Amino acid sequence: MEARYIGIDLGGTSAKIGVVDGEGNLLKHTEVPTHGEGPEPVLQRVVETVREVTIQSGTSWDQVVGIGMGLPGFLDLERGVIKRLTNLPWENVPIVERLETLCNRPVRIDNDANVAALGESWSGAGAGVDDMVAITLGTGVGGGVIAGGRLIHGVSNAAGEIGHVCVEPDGARCGCGQRGCLETISSATGIVRLAKEALEKGESTVLAETAQKGELTARDVFQAAEQGDAVASRVVQTAVDALARVMAMITVVLNPARFVIGGGVARAGDTLFQPLKEAYRKHVLPSAAEGVEIVPAKLGNNAGIIGAAGLIARRENPASAS
Ligand SMILES: [Zn+2]
């Protein structure tokens with residue numbers, strides 16, 4: 001009987017739920033709304049859907065070894081408790097105990113960035129190497145660290161919080177309260193902020209016209225840079241350079257074999273990766289960078305489901321008593 005694993009990627013608007021095999025292949029997945037609701041109604045819906053998607057994937061419940069869950073917020077991994085979530089009104093929820101009671105299977109949890117990193121490490125762009133750092137460039141900058149084949153958490157569960165490395169002392173205020181974090185420059189939000197600063201100064205750029213038509217996006221900035229717009233190119237270069245410096249630091253601390261870059265901003269493709277690789281080579285200790293690869297993430301939005309299932313399959317994080 002082939003072992004199967006359930007992965008749940010919980011977000012503010014939906015929970016993605018899927019069935020994963022022992023090689024990290026997603027067999028079947030679906031989504032249910034969470035729309036800002038409290039834990040009980042969401043968990044009832046999630047558990048029903050877990051059963052449904054298991055059947056749809058041709059899996060018998062006996063094959064299900066356990067359930068992993070990625071969560072956007074602050075967790076007590078030892079106790080299996082959600083302290084609070086970023087986009088849902090959940091506080092002090094004993095999630096592991098609750099789900100184990102509802103599903104009668106072992107449950108493991110981790111934060112969404114770690115779970116996405118684990119997914120890429122298992123069957124995505126990080127497969128085949130034991131040391132890998134995943135960086136997600138979206139609204140913020142997220143990260144996850146795999147070292148020696150294991151997810152790294154650290155003493156206060158903050159390992160991989162790459163978005164909050166200070167790259168500009170006295171820089172813009174970050175959501176975390178600090179100033180000049182990487183996230184204020186190299187996230188989609190940071191890129192738009194830099195572009196708007198240039199517009200406010202009255203610099204000449206095609207982005208002025210774009211901004212008049214609607215809300216400016218990081219994608220607009222990358223497109224303008226591709227077309228040779230000087231201001232957009234400078235903004236991209238600033239974002240890339242800050243990220244490259246942080247990657248150079250990580251290289252001499254952890255020396256990962258691979259950096260896996262994902263998130264909406266990574267969809268810019270070569271417009272991001274080419275200058276990023278160049279800036280990285282410029283900043284990094286050359287001997288440490290030998291053999292280091294910088295590659296795009298492969299699993300897209302499914303990294304969270306696959307990585308959540310991986311918490312069980314790869315025996316990451318404390319398991320429950322059951
Ligand atoms: Zn910060």
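GNM, the chain, Cα, under 10 Å: largest mean-square fluctuation among Gln44, Gln212, Gln63?
Gln212
Cα-based count: Lys pairs in the chain below 24 Å, eight or more positions apart or different chains?
The number of close lysine pairs in the chain is 7.
Suppose accessible area is computed on protein heavy atoms with a 1.4 Å probe; arrange Tyr280, Tyr5 from highest to lowest.
Greatest to least solvent exposure: Tyr5, Tyr280.
DSSP loop (so not H, G, I, E, B), at most 13 other Cβ within 10 Å: list which trypsin sites (Lys or Arg not before Pro) in region 237-322 pass both filters.
Answer in residue order: Arg315.
How big is the gap, in Å, between the Cα center of region 105-163 and the Cα center of region 1-16?
16 Å
Could you work out the per residue convex hull volume over the alpha carbons of region 128-297, in cubic angstrom?
Cα convex hull per residue, to the nearest whole number: 114 Å³.
In nm, give the distance between the simple-model label positions of Cys176 and Ile55, each being 7 Å from the Cα along the Cα-to-Cβ direction.
Placing both labels 7 Å along Cα→Cβ, they lie 4.5 nm apart.
So how far, in whole Å, is the C-alpha centre of region 30-50 from the one of region 56-91?
Computed from Cα coordinates, the inter-centre distance equals 11 Å.
Using only helices, what value at 222 nm comes out for the chain when you add -39,500 (n - 2.57) per DSSP H run of length 4 or more and divide by the total residues, to the nearest 500 deg cm²/dmol?
-12000 deg cm²/dmol
Put Thr59, Thr101 in order of accessible area, largest first, 1.4 Å probe: what do you get?
Putting Thr59, Thr101 in descending order of accessible area: Thr101, Thr59.
Can you give me the % of accessible surface on the chain that is carbon or sulfur? Probe 1.4 Å, all protein chains present, nothing else counted.
48 percent
Give the long-range amide H neighbours of Gly66: residues separated by 5 or more places, or on another chain, with amide H under 5 Å away, using H modelled in the peptide plane at 1.01 Å from N.
Those qualifying (amide H under 5 Å, at least 5 residues apart or on another chain) are Ile6.
Only bridges with both residues in the chain count here: give the DSSP antiparallel percent, nearest 5.
Antiparallel bridges make up about 60 percent of those DSSP assigns within the chain.
In nm, to one decimal, how far is the modelled label at Cys166 from the one at Arg79, with both set 7 Å along Cα→Cβ?
Here the modelled spin labels are 3.2 nm apart.
Compute the long axis of helix 112-123 from its Cα atoms, compare it with the longest principal axis of the Cα atoms of the chain, and write down the angle in degrees, 0 to 90, nearest 10.
Roughly 80 degrees between the two axes.
Per residue of region 290-306, what does 6.51 cos²θ - 1.76 cosθ + 1.60 with θ = phi - 60° give for ³J(HN,Hα)? Whole Hz please, x for Gly and Pro, Karplus curve as stated.
4, x, 7, 10, 10, 10, x, 4, 10, 8, x, 5, 8, 4, x, 5, 5
Based on Cα positions only, what radius of gyration and what Dmax would you give for region 127-196, in angstroms?
13.5, 42
Given H placed 1.01 Å from N in the peptide plane, which residues other than close sequence neighbours of Ala257 have an amide H under 5 Å from its amide H?
For Ala257, the qualifying residues are Asp131, Met132.
Beyond 37 Å, what percent of the Cα pairs of the chain remain?
The answer is 20 percent, as a whole percent.
I need the GluC sites (Glu not before Pro) found in region 1-65, filtered to DSSP loop residues with at most 10 other beta carbons within 10 Å of theirs.
Sparse-neighbourhood loop GluC sites (Glu not before Pro): Glu2, Glu23.
With Cβ to Cβ distances under 12 Å as the rule, what net charge do the other residues near Val141 carry (K, R +1; D, E -1)?
-2
Sorted by accessible area with a 1.4 angstrom probe, largest first, how do His35, His29, His283 fall?
The residues order as His35, His29, His283, largest area first.
Normalise the Debye intensity by I(0) for region 57-129, one equal point scatterer per Cα, no solvent, then take log10 at q = 0.16, 0.21, 0.24 Å⁻¹ and round to two decimals.
Here the Debye-derived log intensity ratios amount to -0.68, -0.97, -1.07.
Which value, in Å² and to the nearest 10, is the accessible area of Val252 when all protein chains are kept and the probe is 1.4 Å?
In the full protein context, Val252 sits at about 90 Å².
Mind listing which GluC sites (Glu not before Pro) in region 179-280 are in a DSSP loop and have 16 or fewer other Cβ atoms within 10 Å?
Glu203, Glu215
Give me the accessible area per residue for region 128-297, probe 1.4 Å, as a whole number in Å².
48 Å²
Between helix 39-56 and the chain, what is the angle of the helix's C-alpha long axis to the longest principal axis, kept within 0 to 90° and rounded to the nearest 10?
The answer is roughly 80 degrees.
The values are calculated or read from the model by the stated rules, or taken from the named source; none is laboratory data. On a predicted model such as this, the values are computed, not experimentally measured, just so you know. Note that each Cβ is placed from the backbone with ideal geometry, even for glycine, and that neighbours are counted across all protein chains shown. For the accessible areas, the whole protein counts, side chains as well, though only heavy atoms, and no ligand, DNA or RNA atoms are used. Shrake-Rupley method; radii C 1.70, N 1.55, O 1.52, S 1.80 Å.
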